[in-house]
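See below for the structure under consideration.
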Amino acid sequence: MIDPKRRILLKGSLAAGTIGVAVGAGLLSPSLVLANWNQAAFQAKDLPEALKNLLGSDVTETSDDIKIKAPDIAENGAVVPVTVETDMEDVKSIAIIASANQTPLIASFDLGDSAVPFVSTRIKMAKTADVVAVVQAGDKLYSGAKEVKVTIGGCGG
């Protein structure tokens, strides 16, 4: 009789061993496996600095074409669901910002040419503030905002 747990253990051990050999031989390195991120933008303490580091400019045009779905009142600031979508053409990236956070840039999504301009995630908010979405479409930056009231702080509150 074949023990399925033993078979799973053997498959997992073989996979881990293969990856270990590839890393040891220099075929895989953390820079190839991990996503590239803009450290200066994500550590910026204010919105203009974050946008300049991320997108090269902090000049945005307000647009009603950006739809932000987030709760009006978040009972727990540690887990606030946010969805951003737009019907704009030639969208290259979407950034999500919590304006009152110590480091306001929460997420940045680079989109491929045929990608649908839609992102959904959960963010952490320190206190009541605007959730801002910045969409890069063509060579311009567009923004939209929605206020979210936080009743329990998510960033140490």
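Taking strands (runs of 3 or more DSSP E) that do not extend beyond the range 50-123, which have at least 1 residues that are free of Cβ contacts under 8 Å to residues at least 60 places away in the same chain and polar (S, T, N, Q)? So that I can check it myself, show each step before the final result.
Details: elements: 66-69, 80-86, 91-98, 105-110, 118-123.
Answer list for the range 50-123: 80-86, 91-98, 118-123.
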Sole residue being on the phi < 0 side of the Ramachandran plot and either surrounded by fewer than 18 Cβ atoms within 10 Å (Cβ to Cβ) or in contact with a helix residue (DSSP H, G or I) (Cβ under 7 Å, 6 or more places away or on another chain) (or both), chosen from Asp65, Asp90: Asp65
- request: May I ask you to list the residues in the range 34-45 that are surrounded by 13 or more Cβ atoms within 10 Å (Cβ to Cβ) and in a loop (DSSP other than H, G, I, E, B)?
  value: Asn38, Ala44
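Read-outs: derived from the displayed coordinates by stated rules, not from any lab. Note that the structure is predicted; figures quoted are calculated from it, not measured. When we count neighbours, we look across all protein chains shown, and the Cβ atoms used for this are built from the backbone with ideal geometry, even at glycine.
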